[in-house]
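Novice: One structure is given below, represented as C-alpha cells, and several questions about it will come after.
The values are calculated or read from the model by the stated rules, or taken from the named source; none is laboratory data. From a predicted model like this one, the values you see are computed outputs, not experimental measurements. So basically every Cβ, Gly included, is an ideal-geometry build from the backbone, and we count neighbours across all protein chains shown.
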Amino acid sequence: MSEKKLSKKQLLLLSSLIFGMFFGAGNLIFPVQLGQTAGHNWLPATLGFLVTGCLVPFLAMLAVSLTNSKSISDVAAPVAPWFGTLVLVVVHFTIGPLFGTPRTAATAFSMGVAPFVPAAYQQLAMLVFSAVFFSLAYFLTVKQSNLMKWIGKYLNPLFLVLLVLLLVLALVLPMGDLNQHTAAAYQSHAGFQGILDGYNTMDGLALLAFSVTAVYAVRNMGFEGHSVSKVLAKAGLLSIFWEALLYLALVLLGVSSLGKFSTAANGGTAFSQIVTHYTGNLGVLVTGVIVTLAVFTTAMGLFGSFAQDLHRAFPKVAYVWWLRVIAVGSFVTANAGLTNIVKWSVPVLMLLYPYALALISLGVLNKWVNQSPYLYRSVVAFVTVPAFLDALASSPLVSVSFVNNLVTGYHQYFPMAADGFGWVVPALVGAAFGLAWQLVAKRKTADSVEEETVLQEEMV
C-alpha cells in the first residue's frame, strides 16, 4: 500500500494552523523588546531567541506526535501519572490565568488604549478594559461562539498585512542604524540571553499543550502512523521559517527604533511608539483595534483549552467553573500591568523550561527512549535542583543573603549556571544514570526469569 502524499494545499493549511498556534501577544512584543535591549549585538541574540521561540515549539509538536500523546499529561506520564497531572496543571495555569491570558489584555491595552488615556487615568482605564475583555472572553467561550473562527479567518491575516506594511516602511524609512547601545545583559553571551528571552513567548510550553490539535488535524486528512510526524515536520518547518523571518524583522525594527526613542518599559509600549512614528494616532487606533481582536482570539483559545483539559483531569469540577477560574484569575493578574507580568513570569519560566526541554528531548528521541520510566524519572530528578536554583536566581528572593550565597555557589560550581543553563549537564548525567538503571533492572528481570525457569525444570 502506497503512502498518502501531502498536497500543497494541505501543507499550506497545516502551516497556517501551526503558525496560528505560535502567534500571540508575546510573539509580537518580545522580539521588538529584544531588539531595543540587544542593540548592536542583535544577531547572536536573535539566533538564540529563534532557538526557544521557533525550534523548541517545533520539537514540542514532534514530541507529542512521536509519543502518541493525547494531552500534555501523557508527555510527562512516564515519570509518574501524578507528575503528568501536575505538569498539565502548572503549564495551563502559567499560559493561562497567571501569565499568558493576562498578557493578551495587557498587550491590547498597552497598544490600543493606553496611548489615548491620560497618565492619571491609566489604572482605572485598564481595570475597565480588562473587565470587559475577560467578561466577553468568558461569555463567548461558554456560548462556544464562532466569533473566534471568524476573527481568526479574516482579522488575523489583516493584522499580518498591516504588520508587513509597517516593516516595509521601517525598511525604506529607518528610524536609525543597527549600531545601537547594548544593555548590560547582552554585552557578553548575547546568544544565551536570547535563548532565555525566547522563554518569554511561552511557545515551548504552549505547543506541548496545544500540539494535539495539529496532530488530530493531520489524522483527519487521512494520514496515519509515522506519516503523521513526517507531515507535521514539513508543515512545522514551513511555519517556523515564516515565523523566524517575522521575528528577525521585528528585532531589527526594535534596534532601529533606538535612533528615535529610548528603550521602552516593555515591547507593547515600544511597538505603539513605533506605529505612532510611522502612521500617527489614526494608525495607532487602527492597529490597536486589530491587535486587540487578534489577541482576543488567543485569549478565547486559552480559556477553552484551560477549561477542557482541567475538566478532563478533574471531572468533578465543571467546565464552566474552570472558565470562571481563568476569567477571574486573568482579570486580577492583568491589572498588575504588562511590565510586572513579564517581570514576574521570568522566575516561573526559568523553573518550568528545564523540565519542558527535558521532556521534549526525551519525546523527540522516543524511537530510542521508548518512554522508559527509568530515563524519564532519572532525567527529571537530576534537573529539579538546578531548575529551582535558576528560578531563585531570577527572582526577588535573590536579594536575601542566604539565597544569594546559595545562588552564587551554584553559579560558581555548575557548568553554564551563570548563563541560566545549569540544568543541562545534570540532565545529561541523569540520562546516563537512567540508562544504567534500566540495564540493571533488565538484568535483574532476566535473572529472575532464569531462576524461575530452573526451579520449574527441577520440579519436573
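Novice: Hey, any hits in the stretch 24-37 for a residue that's under 12 Å from the mean Cα position of the chain (by Cα) and of a type in the set (A, V, I, L, M)?
Specialist: Within the stretch 24-37, one or more residues are under 12 Å from the mean Cα position of the chain (by Cα) and of a type in the set (A, V, I, L, M).
Novice: So, one more: Looking at (1) out of contact with any Gly (no Cβ under 7 Å at 6 or more places or on another chain); (2) at pLDDT below 85; (3) not polar (S, T, N, Q), which is the only condition Gly20 fails?
Specialist: Failing condition for Gly20: (1).
This table checks each residue for (1) under 30 Å from Gln438 (Cα atoms); (2) of a type in the set (Phe, Trp, Tyr).
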| residue | (1), (2) |
| --- | --- |
| Leu365 | yes, no |
| Ser372 | yes, no |
| Ala381 | yes, no |
| Ala387 | yes, no |
| Val407 | no, no |
| His411 | no, no |
| Phe414 | yes, yes |
| Ala417 | yes, no |
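Novice: Residue under question is Ser395, and the condition is that it be more than 19 Å from Leu86 (Cα to Cα), free of Cβ contacts under 8 Å to residues at least 40 places away in the same chain and among the polar types (S, T, N, Q); does it hold?
Specialist: no
Novice: Does Ala358 fit the bill of being of a type in the set (Gly, Ala, Ser), out of contact with any Asp or Glu (no Cβ under 6 Å at 6 or more places or on another chain) and buried (at least 22 other Cβ atoms within 10 Å of the Cβ)?
Specialist: Working: of a type in the set (Gly, Ala, Ser): yes; out of contact with any Asp or Glu (no Cβ under 6 Å at 6 or more places or on another chain): yes; buried (at least 22 other Cβ atoms within 10 Å of the Cβ): yes.
Answer is yes for this residue.
Novice: Further question: Name the one entry in Leu389, Leu397 that is of a type outside the set (Phe, Trp, Tyr), crowded, with 20+ Cβ neighbours inside 10 Å and touching a helix residue (DSSP H, G or I) at 6+ places or on another chain (Cβ under 7 Å).
Specialist: The conditions single out Leu389.
Novice: While we're on this one: Identify, please: which residue in the stretch 317-344 is outside any helix (DSSP H, G or I) and under 21 Å from the mean Cα position of the chain (by Cα) and is, among those, modelled with the lowest pLDDT?
Specialist: Looking at the filtered set, the residue picked out is Gly337.
Novice: Report, by residue number, each residue of the stretch 365-383 that is polar (S, T, N, Q) and surrounded by fewer than 22 Cβ atoms within 10 Å (Cβ to Cβ).
Specialist: Asn366, Asn370, Gln371, Ser372
Novice: Then there's this: Would you mind listing the helices (runs of 4 or more DSSP H) fully within the stretch 155-269 where at least 1 residues are under 26 Å from Leu302 (Cβ atoms) and without any contact (Cβ under 8 Å) to a residue 12 or more places away in the chain? Quick ask: steps written out before the conclusion?
Specialist: Working: elements: 190-199, 203-220, 226-257.
Hits in the stretch 155-269: 203-220, 226-257.
Novice: Considering only residues of the stretch 104-132 that are in contact (Cβ under 8 Å) with a residue 40 or more places away in the chain and farther than 17 Å from Thr287 by Cα, which is nearest to the chain's Cα centre (by Cα)?
Specialist: The extreme case among them is Ser130.
Novice: Go through the residues of the stretch 9-18 one by one and say whether even a single one is among the β-branched types (Val, Ile, Thr) and farther than 13 Å from Leu250 by Cα.
Specialist: Yes: one or more hits.
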